[in-house]
Amino acid sequence: MARGLTKVGQQRFSLKCAYISSVDLLSFMIYDPILNFNSGTDEDSEFMPLFSIDEEDETDMQEDFPEELPVLALKNTVLFPGIVIPITVGRNKSIKAIQKAFQDQKIIAVLSQKDSRIESPKSSDLYSVGTVARIVKLLKMPDGTTTAILQGRRRFRLIEMTQEQPYMTAKVAMLNHEDSDNDLEFDALISTITDTARRIIELSPNIPAEANLVLRNITNNLFLLNFIASNLSLKVSVKQEILEINPINQKARMILIQLENELQVLELKDQIENKVRGDIEKQQRDYYLNQQLKTIQEELGHNPQEEEIDRLMERSTLKKWSEKVAKHFDKELNRLRRMNPQVAEYSVQLNYLDLVLDLPWDETTKDNFDLKKVKKILDEDHHGLEKVKERILEHLSVLKLKGDMKAPILCLVGPPGVGKTSLGRSIARALGREYVRISLGGLHDESEIRGHRKTYIGAMPGRIIQSVKKARAANPCFVLDEIDKVGKDFRGDPSSALLEVLDPEQNSSFHDNYLEMEYDLSKVLFIATANTLSTVQPALLDRMEIIQISGYSTEEKTAIAEKHLLPKQIQEHGLKKGQLKLTESGLVKIIQDYTRESGVRSLDRQIAQVCRSIAHKVATGAKFKPTLSAEDIEKILGPRKFNMERFLGNNPAGVAIGLAWTSVGGEILFIETSLSPGKGGLKLTGNLGEVMKESAVTALSYLKAHSQEYGIDPEEFNKKDIHLHVPEGAIPKDGPSAGITMLSALASAFLNKPMRQMVAMTGEITLRGKVLPVGGIKEKILAAKRLGIQTVVLCTENKQDVEEVPLRYRKGLRFRYVTEMDDVVRYMLQLRR
């Protein structure tokens, strides 16, 4: 085996050999600590002095080399002309070849192996271009191996292998380089290569500093290229490729490319090392300064950690908490005392103890038991909402008599804009309690309610505990807004976590993952709000006291606008009281012609638009009327958006008016029916849900079964196609309450007789001909009154729901109660029995 020294040893050896000119090479080998050769060899002591290699060009080495030479196969290295390298020879064939060459003319052909793993290479395993080398010295090493010092002389190409055993011999032909056509370009390449090599020497820790001296002493360009190529950390295949290049310009470009790649890697490594070194130095500096600061503080009698712990202990003495909480706090405080302040967990533990101290464990505000004053405050803030106010007053009355009672958990359900959320703030003000609110709309993560375990990075308590901490009282008025819009996904179900919060039997020991202790929420007055109960979990509904909040009538909206909305908008727009006043007719005009809602949000926006118009005239000095009537409102707001008169016209046969409940309150619903020649098919359009479609089919089946009673020819059902349509098809519609309306529309179409005008109806139907009760009666009554309906037809069982609606809402409306579907048809079409 023939192998080179280690990479560092080769580099330093070749660097030293490159610039010695008149030094005894043998002496150099004896004293060089890297090679560490033994001078006491029993080999022939003849030695050849090494002349300065840069004084002669490779092409000037016009030595007579034999055509047939012994061949030495090299592993993991390539020998370039002019370069001196030491190799260790171990394979028998290699030892015999080098001994034969040393005995003859000390000339040997050196070829590199394509695959270093092959122990007995053949001609096909060797590259075809190599270097003729002179054996400078052959040494026996103490470990029994043979080391040869080879000096590359000229390149050659392998013609043919003439012998394989006992060592390889081959016929070779010498190669010459092709000179550059452009000396200026070549000089520029050499200059760039030299500069790049110097930069690499500066950055590389493996190249000795004397390499710069070597570069300065080399005057031969070809030797410079061979010297640099030999010392680059390249694969054998790449070095071989450089060796085989004949045009000297092309060889220089190839070496420059490899140098640039090497330089980029070294610069990147240098940047990384500098950054790492800077980070380590900063950490060491910070640690050193912290230790100095700690020592100085100890000398002065100050210890920040002890001061922090003393502060926590002092605060804990002022807390009124149970013995269980006190023991837990002491345990966690002792744990903090044992911690090193430099570790990250120290700040986590400190924040945890601060939270425990900030929570109001047994700190409550005093309730206002002046019931008359409470009622006055509630009436000042909100018009109507009598059920809610009554429930709050009942709770306060019990608290006043008993002194202690678990707070109720109320759920206010109603359309948007009726004051559910603001009612929570009003209740807190009336009771004299702190007010906190969290919005549950779009909440998906259960940990938002229960918190994270404090072992996690960035852990914090849930929003319930955070809000109680913010309130600084254990009995706040806590509004859980939009509880019907809580989400659910892979991170958990927040509504399930709310079960513990809203259960009076469980919330006295609410467990937060971050707090790791039970916390009493039984004194908190929870008020949840929702627009609909259909999306609320049934188990959650069971834990709350449901209070339905209906929409407002025109009279109520007028009162709310006069008492609350108009004064608020006048103040927000910088107007004075005398600069704007709306007459009652003006307010009614806004309510009926520009809004269509159960609440007052849209009304508030329209009043704001009126205020902006007046504010503009005041600011510009234009003339304006401070008192606005209905005519003035139309000039400011433009043409009316909603026309009530469309409900008052004479509806043709087949058209009926129904009443529907939506999430934004009650609405009018038209049912239109038309007949056309056909085979008795039924077509339903208008974006109807399954329940509504079933109501239409039920109504048609009943009408077919009783057609003769109403004077309808049964054959008409087989000759006519029926198309039932509900306008506003973009809006989804569903529910059973349109049953009697569909029945009336179908009967009117087959009899070709219009129904009573200004009459709306609602009720579910059955195949037996019964009319069943439906919900949302108050909202439907308000919608009927708002839109000018005079009579409402509904189930007899809904009479109690009608009577619950205050008389002022029912004023001007007549009610017709029915139990049979036959009663509906005969009343609406004015048929005799």
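The values are calculated or read from the model by the stated rules, or taken from the named source; none is laboratory data. Given the structure is predicted, the values throughout are model-derived calculations rather than measurements. Cβ sites come from the backbone with ideal geometry, for glycine too, and all protein chains shown count toward neighbours. Quick note on the areas: whole protein, heavy atoms, side chains included, nothing else; ligands and nucleic acids left out. Shrake-Rupley method; radii C 1.70, N 1.55, O 1.52, S 1.80 Å.
Can you send over the solvent-accessible area of Y827, 1.4 Å probe, protein chains only, in Å² to the nearest 10?
40 Å²
Could you tell me which label, among [x] 46.7; [y] 68.7; [z] 34.8, carries the value of mean projected area of the Cα convex hull in nm² calculated for this structure?
Among [x] 46.7; [y] 68.7; [z] 34.8, the one derived from this structure is [y].
Using the charge dipole of the chain (Lys, Arg: +1 at Cβ; Asp, Glu: -1 at Cβ; taken about the Cα centre), state which of A148, Q548, A471 has its Cα farthest towards the positive end.
Value computed over the given set: Q548.
Keeping the other protein chains in place, figure out the carbon and sulfur percent of the accessible area of segment 592-724, with a 1.4 Å probe.
Roughly 50 percent of what the probe reaches on segment 592-724 is carbon or sulfur.
Any chance you could run the full-extension gain for E555 through T583? It's 0.36 nm times the residue separation minus the Cα-Cα distance, nm to one decimal.
8.7 nm
Which of the GluC sites (Glu not before Pro) across segment 727-833 are loop residues per DSSP, with 15 or fewer other Cβ within 10 Å?
Taking segment 727-833 and a limit of 15 other Cβ atoms within 10 Å, the loop GluC sites (Glu not before Pro) found are E728.
Given a Förster radius of 60 Å and the C-beta distance between E273 and S439 as r, what FRET efficiency does 1/(1 + (r/R0)^6) yield to the nearest 0.05?
Given R0 = 60 Å and the Cβ-Cβ separation, E is 0.70.
How big is segment 623-751 on each of its three principal axes, counting only the C-alpha atoms and giving the largest first in Å?
Here the spans come out as 72, 29, 23 Å, largest first.
Rounding to the nearest 20 debye, state how big the charge dipole of segment 56-157 is about its Cα centre with +1 on each Lys and Arg Cβ and -1 on each Asp and Glu Cβ.
It comes to approximately 480 debye.
For a label point 7 Å from the Cα of R472 along Cα→C-beta, name the residues of segment 334-366 whose backbone N is under 19 Å from it.
The answer is 354-366, whose backbone nitrogens lie closer than 19 Å to the label point.
Per 0.36 nm of contour for each residue apart, how much would the distance between A539 and E68 grow if the chain were fully extended, relative to their Cα-Cα spacing?
159.6 nm
In straight Cα distance, which lysines are under 23 Å from K331, not counting same-chain residues fewer than 8 positions off?
Partners within reach: K319, K320, K454, K469.
Excluding residues fewer than 8 places away in the same chain, name every one of the lysines whose C-alpha is closer than 21 Å to that of K799.
Straight-line reach from K799, under 21 Å: K387, K770, K778, K780, K785, K811.
Can you find, among S204, M161, M174, the residue sitting farthest towards the positive end of the charge dipole of segment 152-213, where Lys and Arg contribute +1 and Asp and Glu -1 at Cβ?
Looking along the dipole axis, the top candidate is M161.
Need one number: nm distance between label points at Q165 and K568, each 7 Å from Cα along Cα→Cβ, rounded to one decimal.
Inter-label distance under the simple model: 10.9 nm.
Taking the Cα centre of segment 395-444 as origin and charging only Cβ (+1 Lys, Arg; -1 Asp, Glu), how large is the dipole, in debye to the nearest 20?
Taking the Cα centre of segment 395-444 as origin, the dipole is about 100 debye.
Net charge near Y352: determine it from the other residues with C-beta under 9 Å of the C-beta of Y352, scoring Lys and Arg +1 and Asp and Glu -1.
Combined, the nearby Lys, Arg, Asp and Glu give -2.
If the cut-off is a Cα-Cα distance under 19 Å, which aspartates and glutamates reach K389, setting aside same-chain residues fewer than 8 apart in sequence?
Candidates past the 8-residue exclusion: D367, D370, D379, E380, D381, E434, D481, E545, E556, E804.
Considering every pair of different Cα atoms, what Kirkwood radius, in Å, is found for segment 187-289?
15.3 Å
Could you give the length gained on full extension between D370 and S509, defined as 0.36 nm per residue of separation minus the Cα-Cα distance, in nm?
Gain in length upon complete extension: 47.0 nm.
Grab the beta carbon distance between I546 and K623, set R0 = 41 Å, and tell me the FRET efficiency rounded to 0.05.
0.15
Only helical DSSP H runs with n ≥ 4 go in: add -39500 (n - 2.57) per run for the chain, normalise by residue count and round the 222 nm mean residue ellipticity to 500 deg cm²/dmol.
So the helix-based figure for the chain works out to -13500 deg cm²/dmol.
For R640, what accessible surface area do you get with a 1.4 Å probe? Give it in Å², rounded to 10.
100 Å²
Ranked from the most accessible area to the least, with a 1.4 Å probe and all protein chains present, what is the order of K617, K372, K778, K400?
Largest accessible area first, the list is K372, K400, K617, K778.
Spin-label point model (7 Å from Cα, Cβ direction): what's the Q103 to S116 distance in nm?
3.1 nm
Testing the spin-label approximation: label points 7 Å from Cα along Cα→Cβ at K719 and Q291. State their distance in nm.
The modelled label-to-label distance comes out at 11.0 nm.
What FRET efficiency would be calculated for the residue pair R833, L401, taking the C-beta separation as r and a Förster radius of 60 Å, to the nearest 0.05?
Efficiency at R0 = 60 Å is approximately 0.50.
Size of the dipole of the chain about the Cα centre, Lys and Arg at +1 and Asp and Glu at -1 on the beta carbon, nothing else charged, in debye to 20?
About 5360 debye.
What whole-number distance in Å separates the alpha-carbon centres of segment 738-804 and segment 116-167?
Taking the Cα centre of each part, segment 738-804 and segment 116-167 sit 110 Å apart.
With both partners inside the chain, how many of the DSSP beta bridges are antiparallel, as a percent to the nearest 5?
Antiparallel bridges make up about 55 percent of those DSSP assigns within the chain.
Per-residue accessible area for E518 at 1.4 Å probe radius, Å² rounded to 10?
Near enough 100 Å² of accessible area.
Please list, in chain and number order, the residues 5+ apart from K770 or on another chain whose amide H is under 5 Å from its amide H, with Hs placed from the backbone.
So K770 has HN proximity to M821.
At 1.4 Å probe radius, can you tell me the per residue accessible area of the chain in Å²?
Per-residue accessible area for the chain comes out at 49 Å².
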